[in-house]
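Read-outs throughout are calculated quantities, based only on the coordinates presented, and are distinct from any laboratory measurement. Nothing here was measured: the structure is a model prediction, and the numbers come from that model. Heads up, the Cβs are rebuilt from the backbone with ideal geometry, glycines too, and the neighbour counts pull from every protein chain shown.
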Amino acid sequence: MSYDCYIAICKPLHYGILLGSRACAQMAAAAWGSGVLYALLHTANMFSLPLCGGNTLDQFFCEIPQILKLSCSDSYLRELLVLVVCVSLASVCFLFIMLSYMQIFRVVLRMSYEQGQHKAFSTCLPHLVMVSLFLITGFFAYLKPPSLSSRSLDFVLSFLYSVVPPTSNPLIYNMRNKELKCAIRRVITCCFLKIDTFFLFLHK
């Protein structure tokens, strides 16, 4: 997404060449491949861990830090190494995204017309906010010291990086869609009408 915005705003005349179907397929394959590799590394390590801390997790899904709390072997260090490698890769991706957006904002701030600036910011900022929320909360959840660990904090952090970005993305990216805006207005209007009708019924 950041690369797409970068090409669209910074190099619009080259968009068709730099982001053709082949480039999109390569980027999608890289994203899917790295995700599968990440999952396989953690899964292989998890299956090799002997668990002696019971079988109850203080979480709403099988999160890696919670499973590591149940481990009673030296394999914990091996899993920690995998986490460090994965966090390093994620940091490189985050750095690439931030550099892309720095270039984008540099070009946008030079625009002479306000409407173009607003359109560019409304396209880029939601993506940057969601990526930052996902990575920062994910980093903190996986790398925080055990002394900061608590059931409520772990729950909130995992909710912020596993539930909020995926559910917010479709809504944020489609807010410029006129049909979606009309549908949201209809739903809100309908809800208010039902609430008004309910209160009128109570007053009677």
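Assorted remarks:
Residue by residue, here is whether (1) in a helix (DSSP H, G or I); (2) touching a Cys at 6+ places or on another chain (Cβ under 7 Å); (3) surrounded by 11 or more Cβ atoms within 10 Å (Cβ to Cβ) holds:
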{"position": "D4", "(1), (2), (3)": "yes, no, yes"}
{"position": "A8", "(1), (2), (3)": "yes, no, yes"}
{"position": "G16", "(1), (2), (3)": "yes, no, no"}
{"position": "A23", "(1), (2), (3)": "yes, no, yes"}
{"position": "A28", "(1), (2), (3)": "yes, no, no"}
{"position": "G33", "(1), (2), (3)": "yes, no, no"}
{"position": "L37", "(1), (2), (3)": "yes, no, yes"}
{"position": "N55", "(1), (2), (3)": "no, no, no"}
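- Taken as a whole, the condition of being loosely packed, with under 15 Cβ neighbours inside 10 Å and part of a helix (DSSP H, G or I) does not apply to M46.
- Residues in segment 89-108 that are closer than 16 Å to G35 by Cβ and among the small types (G, A, S): A90 only.
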